[in-house]
Amino acid sequence: MFEQVFASLPEGLATAPPGAALGALLEQVDPREASPHDTVVLAAAWRRQLSHHEARFALAAREVARADPARPGGRCQRYGEFCTDELRAVLSESRTRIAKLLGQAETAIAAIPELWDAWDAGLLDTDRVRLCATWTSSLSAEHARQVVVRVLPEAPRLTLSALIARLQQLATASDPDWAARLYDNARKQRRVRARRTDSGTLNLSGLDLPLDAGALSVAHVETLVLRAKAAGHPGLLDTIRADIYLALLSPRPRGWDDDALVAHVVAHADPADPPGRSTPRHVGADGPAPGDPDPDEPEPAAPGESEPAPEPAAGTASRGSRRARIEMRIGLLTLLGHDEKPGTMPGYGIVLAPFARQFARRLHHAEWRVAVTDDDGHLVAALVTRRRPRSFATAPPGATSPAARPVLELHISETDLMRPGMVPGEWTGVLDDLRAQLRTWTAPPDGADQARRRFPSAVLARWIRSRDRSCVFPPCRASSLVADIDHTVAVTHHCPTIEGNLDALCPHDHRLKHDGGWRLHQPSPGSFVWTSPTGHRYHRPPRPVRPDLPEPAPGHHRSSTSPAEFAGDAPMWTNDPYPDSPPTKKPRNTDVPHGRPPPDHGADPEEDEPPF
């Protein structure tokens, strides 16, 4: 066997700031000749340098747009009607493209100089700068700068979709009244659009639908899809979704229910469609052994309490189906009306406080999980309560839900929960129940008997899901609710089932750990270090349950609440739901100087998965 010889990296390349010196070092190494370990260092250095160059390009383009030989200093103070035309000529680009470039440059260089500094220093890449500019374009200048400056320290570690969600979360928290008006104005423009594709098929889309009705509809469709698959439909899940979608919209014979609809879709499966793949169960997902409890099964009700609505029968929903199970996370104080801080629905994004309060009442059979935190927002106890305020309707006795049981996760600090007289009236029973549980809570919920078991108890599984928040691979955002509970070091290596040896992993990253050559270490509970096959390490620190949000300043920012597109009385074919060019109606930013090229959202290269 011959020993492979690789080119060595120049000294200082890994830490050199972007600029001429780093460029000279990078030009000395051909990435094809670098060792596997050094290719990662090179990629990071090239990205740093590329971000710096693209920032300087944006600066140069801005100066071209402001260039005016007739003005003192050769620059005009404001953009004119023809400011983009020389850039159009030299770069061979459209006016729309140049307007986007200049809008991003103006935001980063003039409006939010901290954003420009991070871009120029290679700390933030161009895609993230673009998102910071475009996703705050409807905000007033002050509102936008407040949001972007707050997100900058964490932005390099967020995926693009996570960055969008964080920008929305901060903008909403700082002015919840503005966010509520924006949502309501957009909802009023709900519409259906149809488009014939180039291949002759049809895209049929509902746009700006109410989030609550939309999420419940998605869960219903997904449940019917899984039932059809369990009933023997041979197709792919995507094609079954399309068939269920059309069947729901088509005229139904009198007396048809969901059972008849599923039977109809299965009976009319097209044998020419691509066959469904038989997906093997991923590592560690073989379920509890006989006699072991299911980590997701609710514990028995206490004496005198009613049982919750039972879970659907096997085959009607899947624990791993992201959209078949609705999950909402919101502060308990927000639900009580003490504040207006936004919550989240994993897979859907940020939700407003009024929406969360209203939607919680619609989730009649939801399980209420309560994450009690310390004053820094980190988990202290993972509780479950069966008590409900009198005004919160529950499912009738014996009723079953067609979908997997929703989860409403409430978070509250121990200080706030134990404060006497916090809220009177119908919530007293709920709070008293939580306080009683907290007084007897032992954290972490493991012990000698639990440590010897193959699978975690329901209490320990809930603790791990609440603690980890999502899959513990650093960039992954998959909710811990639908993740696998994994042993960091396998039980086959005689390691215990305890908090410090359990983690939440989505199916892909679970396979990555077992089959992809990656190693996972948990130096302390909730803190994870991944080691790649090339030897690089990636730290995933503990995540707080309660998000860090600014105090609101309602009505202070004067940001736009105009929807991006408007409904009308034209046929549904009139407007393209997937336009190639920006929408004609754009949010108006009243603080933008006259003549400033407006940035546009456009299409994002990494959005969250669509609902299906």
Query raised in the report: Where the centre of each part is set by its Cα atoms, how far does the range 425-469 sit from the range 29-83, in angstrom?
Result: 52
Report summary line: Here the range 186-194 yields Karplus 3J(HN,Hα) values (6.51, -1.76, 1.60; θ = phi - 60°; whole Hz; Gly and Pro given as x) of 5, 4, 5, 9, 4, 6, 10, 10, 10
Query raised in the report: Quick one: if you stick a label point 7 Å off each Cα along the C-beta vector at ASP375 and HIS53, how many nm between them?
Result: 5.1
**Report entry** Given charges at Cβ of Lys, Arg, Asp, Glu: the range 142-213 dipole, positive-most of LEU202, GLN169, VAL147
**Finding:** LEU202
Query raised in the report: Using +1 on the beta carbon of Lys and Arg, -1 on that of Asp and Glu, and nothing else charged, what's the dipole of the range 120-276 about the Cα centre, debye to 20?
Result: 360
Report task. Name the shape class, rounded, prolate or oblate, that the alpha-carbon gyration tensor gives for the range 179-244, where a ≥ b ≥ c are the square roots of its eigenvalues, rounded holds for a/c under 1.5, and otherwise prolate holds if a/b is larger than b/c and oblate otherwise. Result -> oblate
Report summary line: Yeah, the range 402-463 with a ≥ b ≥ c from its alpha-carbon gyration tensor (a/c under 1.5 is rounded, else prolate when a/b outruns b/c, oblate otherwise) is oblate
Query raised in the report: Once label points are set 7 Å from the Cα along Cα→Cβ at both ASP259 and GLN358, what is their separation, rounded to one decimal in nm?
Result: 3.5
Query - Of ALA121, PRO156, VAL192, farthest towards positive along the dipole that unit charges on Lys, Arg, Asp, Glu beta carbons give the range 94-217 - result: VAL192
Report summary line: With the label point 7 Å along the Cα-to-beta-carbon line of GLN77 and a cut-off under 20 Å to each amide N, the hits in the range 98-138 are 106-107, 109-113
Query raised in the report: From the Cα gyration tensor of the range 458-521, with a ≥ b ≥ c the square roots of its eigenvalues, which class applies: rounded if a/c is under 1.5, or else prolate if a/b is larger than b/c, or else oblate?
Result: oblate
Report summary line: Of the candidates PHE455, LEU431, LEU417, the farthest towards the positive dipole end of the range 409-465 (Lys/Arg Cβ +1, Asp/Glu Cβ -1, centred on the Cα centre) is PHE455
Report task. Please work out how much length the chain gains when fully extended from ALA194 to ARG277, using 0.36 nm per residue of separation minus the C-alpha to C-alpha distance, in nm with one decimal. Result -> 26.9 nm
Report task. Round to the nearest 0.05 the FRET efficiency obtained for ASN185 and HIS539 when R0 = 30 Å and r is the Cβ-Cβ distance. Result -> 0.10
Query - Estimated distance in nm for a label pair at ALA43 and ARG95, the labels positioned 7 Å out from Cα along Cα-to-Cβ - result: 4.1
Query raised in the report: Hey, with R₀ at 45 Å, roughly what FRET efficiency would SER532 and ALA60 work out to, going by the Cβ-Cβ distance, to 0.05?
Result: 0.75
Query - Filtered trypsin sites (Lys or Arg not before Pro), the range 130-224: DSSP coil and at most 13 other beta carbons within 10 Å - result: LYS188
Requested in this report: For the range 322-393, compute Rh as the Kirkwood radius over C-alpha pairs and then the Stokes-Einstein diffusion coefficient at 37 °C and 0.692 mPa s; write the answer in µm²/s, rounded to an integer.
Outcome: 249
Report task. Could you size up the charge dipole of the range 175-234 around its Cα centre, putting +1 on the beta carbon of Lys and Arg and -1 on that of Asp and Glu, and report it in debye to the nearest 20? Result -> 340
Report task. Rounded to the nearest 0.05, what FRET efficiency do GLU154 and ALA267 give with R0 = 60 Å and r taken as the Cβ-Cβ distance? Could you check? Result -> 0.70
Report task. Could you list the GluC sites (Glu not before Pro) in the range 57-107 that lie in coil according to DSSP, counting only those with at most 13 other Cβ atoms within 10 Å of their Cβ? Result -> GLU81
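Bear in mind that the values in this text are calculations on the coordinates, not laboratory data. The structure presented is a predicted model; accordingly, all values stated were derived computationally and were not measured. Here Cβ is always computed from backbone atoms with ideal geometry, including for glycine, and neighbour counts include all displayed protein chains.
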